[in-house]
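Participant: Here it is: the structure, laid out below.
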Amino acid sequence: MDDKGRATGDDSDHADPAFEALLAEGAAVPTEGWDFSWFEGRATEARPSWGYAMSLAGRLAGASAALDVQTGGGEVLDFALGRAAPKAPVLTVATEGWPANVAKATALLGPRGIAVVASPEDAPLPFADATFDLVASRHPVRPLWEEIARVLRPGGTYFAQHVGPRSVFELVEYFLGPQPEEVSGARHPERERAGAEAAGLEVVGLRTERLRVEFHDIAAVVHFLRKVVWMVPGFTVEAYRPRLRALHEQMTVEGPFVAHSTRHLFEARRP
């Protein structure tokens, strides 16, 4: 293996049927959408105290035209609209960039009359200026502040939960080694505040929390890294088999692998 634990030749891992079964299970679970129910009993993550989906429901109940950016499989928006009914916005649309998620979100949100627009996460939003009084997003890859400001109506609100800096980096660095601070610096809430303000938005709320995450078996680790692909770019079971084997043995002896996620609740208004 190389210095990061990636496989460079044959190894003896195949002698452990339990390890192989867990690897196969984690590699077989579908990764479409942002439904994390498969992890029940296998991994846990503390939730932010603000309860984003329920808070979003309240915002939707007071909006007339809403946009959900990078909706994933549409699960969070679907939940929030269900709680906002019957006062949900007359116009609600969503964007998503990953084709598999576009299909999943369309199937989920279509019965509500919501269009899901295929739009790359780094492309301009395909909507006219001042279309929405609410733009929302849960865990956008990167907020496009100029575009968000452009499609908001005067007085409109951007309400979102962002992933913060160095989130779950204990796991990232287990596989990749120590990472420089700038790798996740763009996710720092104060840097995002500056970006929003530079686009002409007024930041009216910014809360941050650091939350405990536990992985109880190696299948959960494999599925997580397949699903959240930017954590360990290029991750495959075969590429990291020796490192996965070492982590499996560590978890068998010491218990769950503990990491910490970072989240911030972001609220900005177009003057």
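The values are calculated or read from the model by the stated rules, or taken from the named source; none is laboratory data. Because the structure is a prediction, the values reported are computed rather than measured. No Cβ is skipped: glycine too gets one built from the backbone with ideal geometry, and neighbour counts run over all protein chains shown.
Participant: Within region 128-142, how many residues are touching a residue at least 60 places away in the same chain (Cβ under 8 Å), in contact with a strand residue (DSSP E or B) (Cβ under 7 Å, 6 or more places away or on another chain) and surrounded by fewer than 21 Cβ atoms within 10 Å (Cβ to Cβ)?
Facilitator: The total comes to 3.
Let's see how each residue does on (1) touching a strand residue (DSSP E or B) at 6+ places or on another chain (Cβ under 9 Å); (2) at pLDDT below 95:
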position	(1), (2)
L206	yes, no
L211	yes, no
D217	yes, no
K227	no, yes
W230	no, yes
T236	no, no
R241	no, no
L247	yes, no
V258	yes, no
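Participant: Any residue at all in region 42-61 that's among the aliphatic types (A, V, I, L, M), in a helix (DSSP H, G or I), modelled with pLDDT of 95 or more and touching a Pro at 6+ places or on another chain (Cβ under 7 Å)?
Facilitator: Yes - at least one qualifying residue is present in region 42-61.
Participant: Could you check A186 against (1) small (G, A, S); (2) under 20 Å from the mean Cα position of the chain (by Cα); (3) within 23 Å of A88 (Cα to Cα); (4) surrounded by fewer than 21 Cβ atoms within 10 Å (Cβ to Cβ) and say which number it fails?
Facilitator: Only one criterion is unmet by A186, namely (3).
Participant: So, one more: Can you name the residue in region 105-126 that is assigned to a loop (DSSP other than H, G, I, E, B) and of a type in the set (A, V, I, L, M, F, W, C) and is also surrounded by the most Cβ atoms within 10 Å (Cβ to Cβ) among such residues?
Facilitator: I114
Participant: In region 51-75, which residue that is over 14 Å from K87 (Cα atoms) and of a type in the set (S, T, Y) is surrounded by the fewest Cβ atoms within 10 Å (Cβ to Cβ)?
Facilitator: Here the answer is S55.
Participant: Oh, and also: Being of a type in the set (K, R) and over 29 Å from T44 (Cβ atoms) is the filter here, so list the residues in region 192-218 that pass it.
Facilitator: R193
Participant: Also, I was wondering about something else. Considering region 147-156 alone, what residues qualify as being crowded, with 19+ Cβ neighbours inside 10 Å and within 21 Å of the chain's Cα centre (by Cα)?
Facilitator: Of everything in region 147-156, just one residue is crowded, with 19+ Cβ neighbours inside 10 Å and within 21 Å of the chain's Cα centre (by Cα), namely I148.
Participant: When you go through (1) touching a Leu at 6+ places or on another chain (Cβ under 8 Å); (2) in contact (Cβ under 8 Å) with a residue 24 or more places away in the chain one by one for E147, which number turns out not to apply?
Facilitator: (2)
Participant: Would you be able to tell me the number of residues in region 95-118 that are among the hydrophobic types (A, V, I, L, M, F, W, C) and touching a Gly at 6+ places or on another chain (Cβ under 6 Å)?
Facilitator: Final tally of qualifying residues: 3.
Participant: When you look at V168, is it buried (at least 18 other Cβ atoms within 10 Å of the Cβ), modelled with pLDDT of 95 or more and at positive phi, yes or no?
Facilitator: Yes.
Participant: Among residues belonging to region 104-123 that are farther than 25 Å from P86 by Cβ and of a type outside the set (S, T, N, Q), point out the one that is nearest to the chain's Cα centre (by Cα).
Facilitator: Of everything passing the filter in region 104-123, E121 is nearest to the chain's Cα centre (by Cα).
Participant: Just a yes or no: is a residue in region 219-231 exposed (fewer than 14 other Cβ atoms within 10 Å of the Cβ) and more than 16 Å from the chain's Cα centre (by Cα)?
Facilitator: No, the conditions are met nowhere in region 219-231.
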